[in-house]
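> One structure, as structure tokens, below. Some questions next.
The values are calculated or read from the model by the stated rules, or taken from the named source; none is laboratory data. For clarity, every value in this text was computed on a predicted model and none was experimentally measured. Here the Cβ positions follow ideal geometry from the backbone for every residue, glycine too, while neighbour counts run over all protein chains shown. Accessible surface areas use protein heavy atoms only, side chains included; no ligands, DNA or RNA. Shrake-Rupley method; radii C 1.70, N 1.55, O 1.52, S 1.80 Å.
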Amino acid sequence: MVIIVLIVGAGLFFAPALVKPRWPWAVTPFNARFLGGFYTAEMVVMAALLFWNRWSPGRLVLVMAFIFTVIVSVASFSNLGYFNFERKAPWLWFLVYLASVAVSGLFLWWARARPSAKGVTLSPAWRGYMPVESVILGLYGVGLLLFPLTFSSVWPWPVDAFHAQVYSAIFLAGAGGIYLVWRSAPREELLVLGLAQFLLGLLAILGLVITDAAMHRIDWTATGTLCWLAFFGWIGISGAFKLYAACRYFSSQSAS
């Protein structure tokens with residue numbers, strides 16, 4: 001059922017006109033494409049988990065999924081007015097997310113004493129950079145969650161409190177994942193984390209460009225828009241460098 005949600009969510013990016021009427025709540029074009037970009041990135045991460053199908057990168061995916069689903073569930077219960085419970089979609093939304101919280105939480109609890117896979121030795125630059133990256137994403141995520149209208153005011157399109165709180169889960173899950181990989185960096189987890197960040201940054205910006213090509217609502221010279229583009233550009237570039245580092249580690253392992 002989680003896979004179905006991811007596929008439908010990804011449809012918000014590739015076929016928003018088809019998926020929006022079936023989404024659990026009403027979404028504007030810009031919110032739809034942004035959510036679709038995130039679910040597309042998440043679907044690729046889940047595919048990587050199915051490919052490796054072992055504790056690494058399963059540990060990373062489960063931790064990030066648990067953080068994300070808990071926060072989105074809390075945000076959803078705090079904004080029940082957005083849901084029309086005469087439709088099936090909201091019921092399925094809460095069912096899937098609460099089940100995801102329970103399943104990922106149980107797996108993490110059962111494996112709490114299990115050590116992580118053997119990690120690579122991160123360079124001093126990565127060791128210094130990743131905690132800073134985690135703190136920045138974490139603080140912004142907390143800001144969106146607790147002060148949604150203030151921290152979303154720089155976004156290129158209007159974002160209401162509910163969507164800002166949902167988006168906070170993306171940044172907090174990313175912060176948790178980065179911290180986890182910083183503590184112990186198995187090659188697979190570094191690769192999956194880099195892939196997730198690269199796709200999130202790329203699809204967020206690409207979705208904004210595609211949507212505005214039809215809507216013509218974005219002021220591309222506004223300070224807020226430029227800051228938003230720089231922020232997601234940074235996330236994407238950071239992910240690309242992690243992908244490069246992971247590929248180098250894989251290459252060095254193969255050579256040896």
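> Tally the residues that are open to solvent by less than 10 Å² (accessible area, probe 1.4 Å) and of a type in the set (Val, Ile, Thr), restricting the search to region 191-212.
Selection size over region 191-212: 2.
> Just one of the numbered conditions (1) within 19 Å of PRO29 (Cα to Cα); (2) of a type outside the set (Gly, Ala, Ser); (3) in contact with a Pro (Cβ under 6 Å, 6 or more places away or on another chain) is not true of GLU188; which one?
Answer for GLU188: the failing condition is (1).
> Checking the conditions here, which among LEU12, LEU50, LEU18, LEU62 is touching a residue at least 40 places away in the same chain (Cβ under 8 Å) and either in a helix (DSSP H, G or I) or over 27 Å from MET215 (Cα atoms) (or both)?
Exactly one residue qualifies, and that residue is LEU62.
> Exactly one condition in (1) modelled with pLDDT of 95 or more; (2) over 12 Å from the mean Cα position of the chain (by Cα); (3) open to solvent by 60 Å² or more (accessible area, probe 1.4 Å) is not met by PHE231; state its number.
Of (1) modelled with pLDDT of 95 or more; (2) over 12 Å from the mean Cα position of the chain (by Cα); (3) open to solvent by 60 Å² or more (accessible area, probe 1.4 Å), only one is false for PHE231: (3).
> Closer than 28 Å to TRP55 by Cβ, surrounded by 17 or more Cβ atoms within 10 Å (Cβ to Cβ) and either in contact with a Pro (Cβ under 7 Å, 6 or more places away or on another chain) or in contact (Cβ under 8 Å) with a residue 60 or more places away in the chain (or both), is that true of LEU243?
no
> Condition first: crowded, with 22+ Cβ neighbours inside 10 Å, of a type outside the set (Val, Ile, Thr) and assigned to a helix (DSSP H, G or I). Now tell me which residues in region 166-190 satisfy that.
Matches in region 166-190: TYR167, SER168, ALA169, PHE171, LEU172, ALA173, GLY174, ALA175, GLY177, GLU188, GLU189, LEU190.
> Of everything in region 107-118 that's in contact (Cβ under 8 Å) with a residue 12 or more places away in the chain and of a type in the set (A, V, I, L, M), which residue is farthest from ALA222 (Cα to Cα)? So that I can check it myself, show each step before the final result.
Residues of region 107-118 that are in contact (Cβ under 8 Å) with a residue 12 or more places away in the chain, as a first pass: 107-108, 111, 114, 116-118.
Filter once more, so that each one left must be of a type in the set (A, V, I, L, M): 108, 111, 117.
On the way: LEU108: 43, ALA111: 47, ALA117: 45 Å.
Checking each candidate, the answer is ALA111.
> Cβ-Cβ below 6 Å, separation at least six or inter-chain, first residue in region 119-134 and modelled with pLDDT under 90, second open to solvent by 30 Å² or more (accessible area, probe 1.4 Å): which pairs?
Pairs found: VAL120/ARG187; VAL120/TYR249.
> Shifting gears a bit: Restricting the search to region 152-165, which residues are in a helix (DSSP H, G or I) and surrounded by fewer than 21 Cβ atoms within 10 Å (Cβ to Cβ)?
ALA161, PHE162
> Does region 172-181 contain at least one residue that is among the aromatic types (Phe, Trp, Tyr), in contact (Cβ under 8 Å) with a residue 24 or more places away in the chain and within 17 Å of GLY36 (Cα to Cα)? First the steps, then the outcome.
Looking only at region 172-181, we keep the residues that are among the aromatic types (Phe, Trp, Tyr), and these are 179.
Next cut, in contact (Cβ under 8 Å) with a residue 24 or more places away in the chain only: 179.
Going one step further and asking which of them are within 17 Å of GLY36 (Cα to Cα), we end up with none.
No; the residues of region 172-181 include none that is among the aromatic types (Phe, Trp, Tyr), in contact (Cβ under 8 Å) with a residue 24 or more places away in the chain and within 17 Å of GLY36 (Cα to Cα).
> Can you name the residue in region 141-171 that is among the aliphatic types (A, V, I, L, M) and touching a residue at least 40 places away in the same chain (Cβ under 8 Å) and, of all such residues, is nearest to VAL27 (Cα to Cα)?
Filtering region 141-171 down to residues among the aliphatic types (A, V, I, L, M) leaves 142, 144-146, 149, 154, 159, 161, 164, 166, 169-170.
In the following step, the residues that additionally are touching a residue at least 40 places away in the same chain (Cβ under 8 Å) were identified as 145, 154, 159, 161, 166, 169-170.
On the way: LEU145: 19, VAL154: 19, VAL159: 10, ALA161: 13, VAL166: 12, ALA169: 17, ILE170: 17 Å.
It comes out as VAL159.
> Tally up the residues in region 21-42 that are under 24 Å from TRP228 (Cα atoms) and assigned to a helix (DSSP H, G or I), please.
Qualifying residue count for the region: 14.
> May I ask you to list the residues in region 135-146 that are surrounded by 15 or more Cβ atoms within 10 Å (Cβ to Cβ) and farther than 19 Å from THR69 by Cα?
Answer for region 135-146, where residues must be surrounded by 15 or more Cβ atoms within 10 Å (Cβ to Cβ) and farther than 19 Å from THR69 by Cα: just ILE136.
> Within region 73-92, is even one residue touching a residue at least 40 places away in the same chain (Cβ under 8 Å), among the aliphatic types (A, V, I, L, M) and buried (at least 19 other Cβ atoms within 10 Å of the Cβ)?
yes
> Check whether at least one residue in region 77-89 is of a type in the set (Gly, Ala, Ser) and touching a Leu at 6+ places or on another chain (Cβ under 9 Å), and report yes or no.
Restricting attention to region 77-89, the residues satisfying the condition of being of a type in the set (Gly, Ala, Ser) are 78, 81, 89.
Now restrict to residues that are touching a Leu at 6+ places or on another chain (Cβ under 9 Å): none.
No, every residue in region 77-89 fails to be of a type in the set (Gly, Ala, Ser) and touching a Leu at 6+ places or on another chain (Cβ under 9 Å).
> Of the residues that sit in region 99-131 and are in a helix (DSSP H, G or I) and open to solvent by 80 Å² or more (accessible area, probe 1.4 Å), which one is farthest from GLY201 (Cα to Cα)?
Ranking the candidates gives TRP110 first.
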